[in-house]
Amino acid sequence: MKLKDTWIYTKKFYQMVQKDHPRILIYVIIGGILKGFIPYISLYYSSRILDFLLRSDIEAAKTQIMILLLATFLLSCIEKACYQGMVVIADASDYTVWKQTAHKAYIMEYEEFEKTETMDKIRRAKNGSNGSGGIASQIDSSYTLVGNFSSIVCSLIFTIQLLIQSSYSSNFLFYTLLLFIAFILFMAIENIMQNRLAKIEVTMQHDNEHMNSLSNYIISSALNVQNGKDIRLYRMKELINHWYFVFNKKINRVFKKYANTAGKYYGIIAFFMQLFTAFVYIYVGLSVLEGNISIGDVLLYTGSITRMSTTFNEAISGYNQLAYRFEYLGNFEEFINSKNMHYDGTLPIEKRDDYQYEFEFKNVSFKYPDTEDYVLKNINLKLKVNQRLAIVGQNGAGKTTLIKLLCRLYEPSAGEILLNGINIEKYDYKEYTDIFSVVFQDFKLFPLPLDENIAGSSDVDENKCLEVLERVSMKEKVLSWPNRQHTRLYKDLGDGVNISGGEAQKIAIARALYKDAPFVIMDEPTAALDPLAEAEIYENLNQLVDNKTAIFISHRMSSCKFCDEIIVFENGEIIQKGTHESLLEEDGLYQQLWNAQAQYYV
Ligand code: ADP
């Protein structure tokens, strides 16, 4: 990254952090300057103290010691306070970035969100790559860099002072020139080496990015309690170890290559640094012999010149790290500023008490991003107001995909979906999603209090919560829990109750009932329930959708009988449509599926 770009990013970065933490710049600038400056106080006064001691002027030496101790103590206190202030803000900024990333992930189109490249972007935006540390490290590095600059300025002041003093003797000009050439040469070599190092380091970090996230995923999966049963019973420990080993072998291979080359470059830098230090000692030693400077000055000047070369070293590598991490800030910016939706409409959803919401699929076809085959093919379908529609068909036929399109999680590849005659894209997205209560097959409950799970908020209407729990026959059970409906689910975030698959499903249905939206969609909502519980739930659902429009997807054909219309899906196409009675009479898939299950209904 070019210097100009790095500067632009630094400005943007600090503007972003300053919004929430206005003091950050004060901490970084004052703390950074002091960090670079304090060691020179020590160098300066030590050299003075030595000179006074050599002249047996004990009183003056004592005064210098007092000044040194006091100044170092005071300035170090201020520096440490700035540093701690900076650290607190740095950690909080990580959280700000994470919060913004999570918010963006929530408002962006699901279709985009699900893509591997978006997931990679989110990971980069959040963490940076492993080892590069993210936003907190970025602030920490810029603090160190300010310290480096302040240190270089101090050492330049002393070096110029030394050169001026040494040039009083004319024969010393030659040595000064030599030292100057040695310094320029050393800096040039170091700059070349550091740039090469930065390039191979960036390449190494890029190459390992994806593998790092895979290996992190494997570790977190192995430590996830919910995976524990399968891992134990299917003896998957070895398999997980195997994959961890495979990913890490690739990471290590890239790292080893980097380490070998980096080792050589660091070796060369160290060699030249020692050589330069030797030059400095000879120069300063000769200067003492010439009588240009005092013995105490040896401490000061050798200290400050060698410190200058090491600080240069640190500053170049610090700058490269900083510039590299800004690439990640670039990713964060790109992610945050990317479009939320391909098309986000502005039309409000008409709030209707009569629930007059009518949907129509017009020649809708769909294939998932990055796949070839169409999952839905030319679907034409009308969902009339108050209608109860059942969708049946074998696994993988495209039933859930149809629902995902209806809920605007994906956009049709061809054709359009209309709500009351208007393309659903034209509606405001949030208002649009408000009209659906959906229970997906792979619904998710969170390790939070049960009532908050049901309300989807910490603002819970407790009566309504208990009422929906009663409708799914969970009220009694919940009231027996230690904190009744306020009891936390699962144990991920501390004490909570573990629930069965069937109970989880009932709670998911209760959540949909609580939302009380005009359009109800149940995708295999009772797969984990026993037949009695299922029958009870369906009876309740029937009452619930009284004046609403509803879609039921179920593999149990008997539970669809009460629906006004049944459509049969096969390979992404609607192959049959009708009522239960009419479809039973047709010689087709519905009849086959019904007959296959009929023996269990007796
Ligand atoms: P059903 O609900 O009828 O069982 P789905 O609609 O879930 O079927 O899936 C239809 C097809 O789409 C399946 O072949 C499935 O593999 C594929 N599919 C589902 N989700 C995705 C996805 N996110 N990306 C790619 N293909 C998918």
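The values are calculated or read from the model by the stated rules, or taken from the named source; none is laboratory data. These figures come from a predicted structure and were not determined experimentally. All Cβ positions, glycine included, derive from the backbone under ideal geometry; neighbour counts span all protein chains shown.
Each row is one residue, and each column tells you yes or no for (1) crowded, with 18+ Cβ neighbours inside 10 Å; (2) at pLDDT 80 or above; (3) out of contact with any Lys or Arg (no Cβ under 6 Å at 6 or more places or on another chain).
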site: Val97; (1), (2), (3): yes, no, yes
site: Lys104; (1), (2), (3): yes, yes, yes
site: Ile135; (1), (2), (3): yes, no, yes
site: Gln138; (1), (2), (3): yes, yes, no
Subject >> The lone exception for Ile268 - which of (1) at pLDDT below 85; (2) surrounded by fewer than 19 Cβ atoms within 10 Å (Cβ to Cβ) it fails >> reply: (1)
**OP:** Kindly establish whether Glu586 is acidic (Asp, Glu) and either crowded, with 16+ Cβ neighbours inside 10 Å or in contact with a helix residue (DSSP H, G or I) (Cβ under 9 Å, 6 or more places away or on another chain) (or both).
**Re:** no
Subject >> Residues that are more than 16 Å from the ligand (Cβ to nearest atom) and hydroxyl-bearing (Ser, Thr, Tyr), drawn from segment 84-121 >> reply: Ser93, Tyr95, Thr96, Thr101, Tyr106
**OP:** Taking Gln165 as meeting all but one of (1) closer than 30 Å to Asn248 by Cβ; (2) crowded, with 16+ Cβ neighbours inside 10 Å; (3) not hydroxyl-bearing (Ser, Thr, Tyr), write down the number of the exception.
**Re:** (1)
Original post:
Taking segment 517-551 only, how many residues are away from the ligand (no atom under 14 Å from the Cβ) and in a strand (DSSP E or B)?
Top reply: 4
Original post:
What do you reckon, is Arg556 at pLDDT 85 or above, surrounded by fewer than 22 Cβ atoms within 10 Å (Cβ to Cβ) and either in contact with a strand residue (DSSP E or B) (Cβ under 9 Å, 6 or more places away or on another chain) or closer than 30 Å to Leu419 by Cα (or both)?
Top reply: no
**OP:** Spot the failing condition for Ser554; the list is (1) within 25 Å of Val364 (Cβ to Cβ); (2) away from the ligand (no atom under 15 Å from the Cβ); (3) touching a residue at least 12 places away in the same chain (Cβ under 8 Å), and only one is missed.
**Re:** (2)
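State whether the residues of segment 466-489 include one that is without any contact (Cβ under 8 Å) to a residue 60 or more places away in the chain, under 24 Å from Asn395 (Cα atoms), surrounded by 14 or more Cβ atoms within 10 Å (Cβ to Cβ) and basic (Lys, Arg).
No: segment 466-489 contains no residue that is without any contact (Cβ under 8 Å) to a residue 60 or more places away in the chain, under 24 Å from Asn395 (Cα atoms), surrounded by 14 or more Cβ atoms within 10 Å (Cβ to Cβ) and basic (Lys, Arg).
In the list Leu43, Leu53, Leu3, which residue meets the criterion of being without any contact (Cβ under 8 Å) to a residue 40 or more places away in the chain and over 43 Å from the mean Cα position of the chain (by Cα)?
Details: Leu43 fails: without any contact (Cβ under 8 Å) to a residue 40 or more places away in the chain; Leu3 fails: over 43 Å from the mean Cα position of the chain (by Cα).
Being without any contact (Cβ under 8 Å) to a residue 40 or more places away in the chain and over 43 Å from the mean Cα position of the chain (by Cα) holds for just one of Leu43, Leu53, Leu3, which is Leu53.
Matching residues to (1) surrounded by fewer than 17 Cβ atoms within 10 Å (Cβ to Cβ); (2) within 16 Å of the ligand (Cβ to nearest atom):
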position: Pro369; (1), (2): yes, yes
position: Tyr374; (1), (2): no, yes
position: Asn378; (1), (2): yes, yes
position: Gln387; (1), (2): no, no
position: Asn395; (1), (2): yes, yes
position: Pro412; (1), (2): no, yes
position: Ile417; (1), (2): no, yes
position: Ile424; (1), (2): no, no
position: Tyr429; (1), (2): no, no
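For segment 300-307, state whether one or more residues are within 27 Å of Leu173 (Cβ to Cβ), free of Cβ contacts under 8 Å to residues at least 12 places away in the same chain and in a helix (DSSP H, G or I).
no
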**OP:** Go through segment 223-235 and count every residue that is more than 23 Å from His210 (Cβ to Cβ) and surrounded by 14 or more Cβ atoms within 10 Å (Cβ to Cβ).
**Re:** 1
Subject >> Qualifying residues in segment 431-444 (those that are within 16 Å of Thr526 (Cβ to Cβ) and either away from the ligand (no atom under 16 Å from the Cβ) or within 25 Å of the chain's Cα centre (by Cα) (or both)) - the one modelled with the lowest pLDDT >> reply: Asp442
**OP:** Would you mind finding the one in Ala90, Ala81 that is part of a helix (DSSP H, G or I), surrounded by 15 or more Cβ atoms within 10 Å (Cβ to Cβ) and of a type in the set (A, V, I, L, M, F, W, C)?
**Re:** Ala90
Original post:
When both residues are 6+ apart or on different chains and their Cβ atoms are under 9 Å apart, which pairs have a first residue that lies in segment 418-437 and is hydrophobic (A, V, I, L, M, F, W, C), and a second that is part of a helix (DSSP H, G or I) and surrounded by fewer than 15 Cβ atoms within 10 Å (Cβ to Cβ)?
Top reply: Leu419/Lys426
Original post:
Looking only at residues in segment 349-367 that are away from the ligand (no atom under 12 Å from the Cβ) and not in a loop (DSSP other than H, G, I, E, B), which one is modelled with the lowest pLDDT?
Top reply: Phe359
Subject >> Residues that are polar (S, T, N, Q) and in the same structural domain as Ala510 (by TED's automatic domain parsing), drawn from segment 431-476 >> reply: Asn453, Ser457, Ser458, Asn463, Ser473
**OP:** Go through segment 177-202 and count every residue that is touching a residue at least 60 places away in the same chain (Cβ under 8 Å) and β-branched (Val, Ile, Thr).
**Re:** 3
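Yes/no per residue for (1) aliphatic (A, V, I, L, M); (2) touching a Leu at 6+ places or on another chain (Cβ under 7 Å); (3) modelled with pLDDT of 90 or more:
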| residue | (1), (2), (3) |
| --- | --- |
| Asp373 | no, no, yes |
| Asn386 | no, no, no |
| Leu402 | yes, yes, yes |
| Ser413 | no, no, yes |
Original post:
List pairs: first in segment 59-80 and at pLDDT 95 or above, second in a helix (DSSP H, G or I) and charged (D, E, K, R), Cβ under 6 Å, 6+ apart or cross-chain?
Top reply: Glu79/Lys35
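In segment 234-263, how many residues are farther than 18 Å from Met193 by Cα, in contact (Cβ under 8 Å) with a residue 24 or more places away in the chain and aliphatic (A, V, I, L, M)?
2
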**OP:** Could you tell me whether Gly494 is over 17 Å from Glu467 (Cβ atoms) and touching an Asp or Glu at 6+ places or on another chain (Cβ under 8 Å)?
**Re:** no
**OP:** For residues that are free of Cβ contacts under 8 Å to residues at least 40 places away in the same chain and charged (D, E, K, R), tally how many sit in segment 6-40.
**Re:** 2
**OP:** Find all pairs meeting these conditions: Cβ atoms under 6 angstrom apart; at least six residues apart or on different chains; first residue within segment 393-414 and in contact (Cβ under 8 Å) with a residue 60 or more places away in the chain; second residue assigned to a helix (DSSP H, G or I) and near the ligand (Cβ under 7 Å from one of its atoms).
**Re:** Gly393/Lys399
